[in-house]
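Working notes, beginning with the structure itself.
Each reported figure results from applying straightforward, stated rules to the coordinates on display, with no laboratory input. As the structure is a computational prediction, the values presented were derived from the model and not from experiment. Don't worry about glycine lacking a Cβ; one is built from the backbone with ideal geometry, like all the others, and counts go over all protein chains shown.
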Amino acid sequence: MTMDGRGRAVVVTGAADGLGLAIATRFAELGDRVALLDIDGERLAASVRRLRAAGHQVAGFPADVTDETAVSDAVAAAVERFGPARVAVSNAGIAPNAPVLDCSKARWDRVIDVNLTGTFLFTRAVGRAMVDAGEGGAICCMSSGAHRLGRVGAAAYCASKAGIVMYAKVLAMELGEHGIRVNVVAPGFVDHGYREGLGDFVSGDYAEAMAAATPLNRRGAATDVAGAVEYLCSDAGGYISGAVLAVDGASSAGRFHIPWSGTERDPAPVDKRPPTERSSSPAGE
Ligand SMILES: NC(=O)c1ccc[n+]([C@@H]2O[C@H](COP(=O)([O-])OP(=O)(O)OC[C@H]3O[C@@H](n4cnc5c(N)ncnc54)[C@H](O)[C@@H]3O)[C@@H](O)[C@H]2O)c1
């Protein structure tokens, strides 16, 4: 069940903007036929127009991922348009922050509904279509570094993103016999401009501080995440399922750093052999 033949049918949620749009664009540029799902019909239509103008085979399907009927209708319409999906990316997510003591039940419910229940509803609909088609496939779910490192003011978001990781692991186990792989991408801070619910804190001092705290010393780009998703959904990732791939410039690799006050490298070990026994190759070879 090879994954790399181009012209595959791909479905991406939350694809009108941000990471979802970058992911949809990556697959479209590779020659796949991409169905873009999003709750925001206007922005979706604008993004689809731009992609079509660039010569790509794409179509937009407005849907709220928390609406069970709308999701299954949109997936069915996408399958009718482009054929059985081989790749599905559950990316739609929101992050309206509030400290726990100030968090209303409505806010909590919306975050869990969009991020976690939306992932369930979409991957269930697309998973059923993949199983019916019998050609295998690859599903990728969007989590976040917040699945393993807590973030003050974002309990609902962190809980939803941790939930996605465990959900995807179980789905990977259940769909493995059908040749369907399920993986998770966990981005660190990716700056692609304004984000719904976060205002413009993603630029300016905060963004600079995040970049400085990242070992690769730069902010992530949407294309970094798109590349990781593409890899997981390709033959190169053919034996990867149930995995979580951090795309974060090593910002989750560790926390503490011990200052090094030395100014020079440690001296090289002294070669104690007589000069006649030394060769250009290192001792012992
Ligand atoms: N940008 C980052 O730094 C970052 C880091 C880690 C994880 N993520 C995750 O990546 C995903 C995309 O993030 P982003 O930065 O591109 O966000 P974004 O706000 O720029 O885009 C999200 C898209 O999802 C759509 N959407 C929102 N609610 C929806 C719903 N109910 N149904 C369908 N579509 C809906 C929005 O209309 C929007 O087009 C999210 O799941 C987010 O949690 C982002």
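With 0.36 nm allotted per residue and the present C-alpha distance subtracted, the residue 223-residue 133 stretch has 29.4 nm of extension available.
Name the shape class, rounded, prolate or oblate, that the alpha-carbon gyration tensor gives for the chain, where a ≥ b ≥ c are the square roots of its eigenvalues, rounded holds for a/c under 1.5, and otherwise prolate holds if a/b is larger than b/c and oblate otherwise. In terms of gyration-tensor shape, prolate.
Counting 0.36 nm for each residue step from residue 276 to residue 80 and taking away their Cα separation leaves a gain of 62.7 nm. With R₀ set to 22 Å, the beta-carbon distance separating residue 110 from residue 209 gives a calculated FRET efficiency near 0.20. For the pair residue 234 and residue 50, label points projected 7 Å from Cα toward Cβ lie 2.4 nm apart.
Between the helical axis of 118-133 and the longest alpha-carbon principal axis of the chain there is an angle of about 80 degrees. Find which of 176, 246, 13 sits farthest along the positive direction of the dipole of the chain, computed with +1 on the beta-carbon of Lys and Arg, -1 on that of Asp and Glu, about the Cα centre. About the Cα centre, the residue reaching furthest to the positive side is 246. Magnitude of the charge dipole for the chain, about its Cα centre and with charges confined to Cβ atoms of Lys, Arg (+1) and Asp, Glu (-1), is about 260 debye. Counting only alpha carbon atoms, the long axis of helix 155-175 and the longest principal axis of the chain meet at about 80°. Taking the C-alpha atoms only, the angle from helix 68-82 to the longest principal axis of the chain is near 80 degrees.
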